[in-house]
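In what follows, a structure is listed as structure tokens, so that the remarks can point back to it.
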Amino acid sequence: MFKKILLAIDGSKHSERATEKAIELAKLQDSASIEMLYVVAGNKSKSDVLHYGDSDTASLKRKRLLADYKEMIEAENISTDTTVLHGKDGTAEAIIAHANEHDYDVLVLGSRGLNTMQTMVLGSVSHKVVKYVKAPVLMVK
């Protein structure tokens, strides 16, 4: 049922829980695979370069962050790939475009758990993604 899983991660505890759920889904199906998607927000990319001194060091820090998730998945003998995008138009928009351009059986992502007022005023990546992605979406709290 869920052979081709897209897992959107950002390095948070919510992403760790989403990874655990993606692994559970993948274990239900022989030869399932998980594609990890990490989107670098435009403002985050600039601040990372300023913080670390250059773009190569910032990229290395991202690779280390993604390695932990990759290890979690591969420890369960599940095939995984990693995609890193730069979200110039926003993180949600990059996830939506990537998910809709490919044929995924499900998208798994974490929720930051914003309260109702914050969500109404600010919106959230997970809520935008749920609204516009064509595939089924599993939002993990």
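Among the numbered criteria (1) surrounded by 16 or more Cβ atoms within 10 Å (Cβ to Cβ); (2) at pLDDT 90 or above; (3) within 15 Å of Ile9 (Cβ to Cβ); (4) among the hydrophobic types (A, V, I, L, M, F, W, C), which one does Val133 miss?
(3)
Restricting region 76-88 to residues that are in contact (Cβ under 8 Å) with a residue 24 or more places away in the chain and not in a strand (DSSP E or B), which is surrounded by the fewest Cβ atoms within 10 Å (Cβ to Cβ)? Let's see the steps before the verdict.
Within region 76-88, the subset in contact (Cβ under 8 Å) with a residue 24 or more places away in the chain is 76, 78-88.
So of that shortlist, the ones also not in a strand (DSSP E or B) come out as 76, 78, 88.
Numbers: Glu76: 13, Ile78: 18, Lys88: 11.
Looking at the filtered set, the residue picked out is Lys88.
Scan region 20-75 for residues that are at pLDDT 95 or above, buried (at least 17 other Cβ atoms within 10 Å of the Cβ), of a type in the set (A, V, I, L, M, F, W, C) and outside any helix (DSSP H, G or I) and report the count.
Count: 4.
For region 92-113, how many residues meet the condition of being hydroxyl-bearing (Ser, Thr, Tyr) and surrounded by 20 or more Cβ atoms within 10 Å (Cβ to Cβ)?
Restricting attention to region 92-113, the residues satisfying the condition of being hydroxyl-bearing (Ser, Thr, Tyr) are 104, 111.
If we keep only those that are surrounded by 20 or more Cβ atoms within 10 Å (Cβ to Cβ) too, we end up with 104.
The number of residues fulfilling the criteria is 1.
The values are calculated or read from the model by the stated rules, or taken from the named source; none is laboratory data. This structure is a prediction, so every number in the text was calculated from the model and none was measured. All Cβ positions, even for glycine, are placed from backbone atoms using ideal geometry, and neighbour counts span all protein chains on display.
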